[in-house]
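What follows is a single structure, written as structure tokens, with notes after it.
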């Protein structure tokens, strides 16, 4: 009788820091590709054009690699020590999503996956390929098929053992390995994640409109935001955890054990004034080996300035005002909006009279024209 390789591979995965390792068919039909096509057709992917251009390859694992027969799906726990949402009470500090507070998980997980994949190839004599979420492979449907959890009403993977806090990685192999039982949905009548969303980004349970999602806006969206989202972001400057953190299943979650995923001091309630002062070199140095670095300094400081505008802290005027002359029009426009929210009206109009005539960017001139909305009461 052939030896079942799953137990030994699970043990090896655990030695590499993975909290869970399960197996699924990579060749059987599924409906995830059709759901993704509807998502893109509705335009809910926003500016993430790569989702449209890679749609055919994303439709099914075998569209990525025709020889794929088994998906080894792994989860690494990144749970926080405590509920992170109360941190947003300090409006003069920025809120960074839990997943981005430590080292870049892409590099961490990919290295571990390659190690395990080498062992799979040596043991089974079959080809392997590794994937983290930068590749056109839908990990969450594969994770549900493998039994790691289910896609909740917020569309993220949800686990009865780890709550919302799992990073996913996948090894596809040409070897046939017996699949584990799939997981079913256990959200029941709960709608906590849907009602917690500050921008109403869920048109219906199990559906997301990324164009309204603060994670998308803070990370993927390149230009100025619509005003309603600038206000709704509060102090969130990179990502958003609201729909994840309110889930009742988190009561079973545990804090991350991987030291490289533990939060850096610079990523927990950083002062907005300090972040607004970052030039490109300082930004890169502060967020070295962090996923935050990939958004670039200008987009990040834009987010910081929106948070400054929401802070109701007039001491932050001094941090925002120099940025009205920043080299980046994206930053300049965000600085104008922040000042309009914080400054005494007479002082703002005096500043506008001095600065707006020199402005050549149309979007920034629109912010100077106070199309951003009324100042704080």
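The values are calculated or read from the model by the stated rules, or taken from the named source; none is laboratory data. Bear in mind that the values here come from a model prediction, so they are computed numbers and not experimental data. Using ideal geometry, Cβ is built from the backbone for each residue, glycine included, and neighbour counts are taken over all protein chains shown.
Quick one: residue 256 ticks every box in (1) touching a strand residue (DSSP E or B) at 6+ places or on another chain (Cβ under 7 Å); (2) at pLDDT 95 or above except a single one, so which number is it?
With (1) touching a strand residue (DSSP E or B) at 6+ places or on another chain (Cβ under 7 Å); (2) at pLDDT 95 or above applied to residue 256, the lone miss is (2).
Looking at (1) at pLDDT 95 or above; (2) surrounded by fewer than 20 Cβ atoms within 10 Å (Cβ to Cβ); (3) not in a loop (DSSP other than H, G, I, E, B), which is the only condition residue 216 fails?
(2)
Test residue 224 against the criterion of being assigned to a loop (DSSP other than H, G, I, E, B), assigned by TED's automatic domain parsing to the domain that holds residue 332 and surrounded by fewer than 17 Cβ atoms within 10 Å (Cβ to Cβ), and give yes or no.
Judged against the criteria, residue 224 is not a match.
Being buried (at least 21 other Cβ atoms within 10 Å of the Cβ) and part of a loop (DSSP other than H, G, I, E, B) is the filter; apply it to segment 81-103 and report the residue that is nearest to the chain's Cα centre (by Cα).
97
Given (1) touching a helix residue (DSSP H, G or I) at 6+ places or on another chain (Cβ under 6 Å); (2) under 18 Å from residue 239 (Cα atoms), identify the lone condition not met by residue 155.
Among (1) touching a helix residue (DSSP H, G or I) at 6+ places or on another chain (Cβ under 6 Å); (2) under 18 Å from residue 239 (Cα atoms), residue 155 violates only (1).
Given (1) within 27 Å of residue 293 (Cβ to Cβ); (2) crowded, with 17+ Cβ neighbours inside 10 Å, where does residue 65 come up short, assuming only one miss?
(1)
If the requirement is being touching a strand residue (DSSP E or B) at 6+ places or on another chain (Cβ under 7 Å), at pLDDT 95 or above and over 24 Å from residue 37 (Cα atoms), which of these qualifies: 116, 157?
Of 116, 157, the one residue that is touching a strand residue (DSSP E or B) at 6+ places or on another chain (Cβ under 7 Å), at pLDDT 95 or above and over 24 Å from residue 37 (Cα atoms) is 116.
Within segment 290-377, considering only helices (runs of 4 or more DSSP H) that don't extend past its boundaries, which have at least 3 residues that are buried (at least 20 other Cβ atoms within 10 Å of the Cβ) and under 27 Å from the mean Cα position of the chain (by Cα)?
297-310, 329-342
Any residue in segment 140-163 that is touching a residue at least 60 places away in the same chain (Cβ under 8 Å) and surrounded by fewer than 16 Cβ atoms within 10 Å (Cβ to Cβ)?
Yes; the residues of segment 140-163 include at least one that is touching a residue at least 60 places away in the same chain (Cβ under 8 Å) and surrounded by fewer than 16 Cβ atoms within 10 Å (Cβ to Cβ).
Kindly evaluate residue 284 against the criterion of being in the same structural domain as residue 226 (by TED's automatic domain parsing), at pLDDT 95 or above, more than 24 Å from residue 231 (Cα to Cα) and surrounded by 14 or more Cβ atoms within 10 Å (Cβ to Cβ).
yes
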